[in-house]
Amino acid sequence: KPIKSGKTPYIRYDRNDYSIPHTHVQKPITLVASDTVVRLLDGSNEIARHDRSYDAKRQLEDPTHLEQLAEHKRRSRELRGRNRAIAACPAARPFLENIALHGGHLGGTTARLLRLLDQYGPTALDAALVEAHERAAFSAHSVAHILEQRRRADGELPPIEAVLSNDPRVRDTIVTPHALGDYDVLAKDGGRSGD
């Protein structure tokens, strides 16, 4: 019979959920069931096959479907990170392109650049990316070194990295920094402004 999944990679049939590839979520497919097997087809191509269950509320999964979904989510996170770095720092695009051309690890480099972006801000990171590109020093370590040299030359304190939970809802939250000048005014007049 024709069937379509909801927002998750499962098809409900006979009070049980059967996994499908994430690429077929919310797309029309065909369910073919026998006494022993549940098959799911895209046209004439079989996309999933499960032993039929006569229990209720069971979730029958093909480990391959779960692995492919996990890989898809990992790549999506990397792309979001790359897009964020490129949006904040125009020099990130050519820098990352050179990382890819030289066989570097884009995921790890992007993750490190995002930490540097959070620590130093977009202006400083963009300038460091330009300098690293001019030196043909295509690694996040080189960019971090340039930022650290500039920080020391300017006599600034080292940035402090916040230690966050591994929960993606916490780690993937983007906080927009604001000017702290108002707090300096409060500190100078003993917190009396606004009384």
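What the table shows:
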quantity	calculated
Extreme residue, positive dipole direction of the stretch 5-127, given options Gly6, Leu31, Pro21 (C-beta unit charges)	Gly6
Set of aspartates and glutamates with alpha-carbon distance to Lys27 below 19 Å, sequence-local pairs under 8 removed	Asp17, Asp42, Glu46, Glu61, Asp62
Separation of alpha-carbon centers, the stretch 3-45 and the stretch 115-161, rounded to whole Å	50 Å
Rounded accessible area per residue of the chain, 1.4 Å, Å²	67 Å²
Which of Gln119, Ala179, Leu101, positive extreme of dipole for the chain (C-beta unit charges)	Leu101
Under 5 Å, built H, 5+ apart or other chain: amide partners of Ala48	Leu40
Diffusion constant of the chain at 37 °C, which comes from Stokes-Einstein with the Kirkwood Cα-pair radius and 0.692 mPa s, µm²/s	156 µm²/s
Solvent exposure ordering (accessible area, 1.4 Å, most first) of Val185, Val37, Val143, Val32	Val185, Val32, Val37, Val143
Cα centre as origin, Lys/Arg/Asp/Glu Cβ charges: the stretch 72-141 dipole, Debye	500 debye
Fraction of accessible area attributable to carbon and sulfur, the chain (%, probe 1.4 Å)	52 percent
P(r) weight above 22 Å for the stretch 34-130, C-alpha pairs, percent	51 percent
Net dipole in debye of the chain [+1 Lys, Arg Cβ; -1 Asp, Glu Cβ; about Cα centre; nearest 20]	620 debye
Pairwise Cα inverse-distance average, inverted: Kirkwood Rh of the stretch 112-151 (Å)	9.6 Å
Ranked by how many other beta carbons lie within 10 Å on average, peptides 129-138, 94-103, 149-158 from highest	129-138, 94-103, 149-158
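The values are calculated or read from the model by the stated rules, or taken from the named source; none is laboratory data. What you see is a predicted model; the values in this text were computed from it and never measured. As a convention, Cβ positions derive from the backbone with ideal geometry for all residues, glycine included, and neighbour counts pool all protein chains shown. Side chains are part of the model used for accessible areas, which takes the heavy atoms of the whole protein and leaves out ligands, DNA and RNA. Shrake-Rupley method; radii C 1.70, N 1.55, O 1.52, S 1.80 Å.
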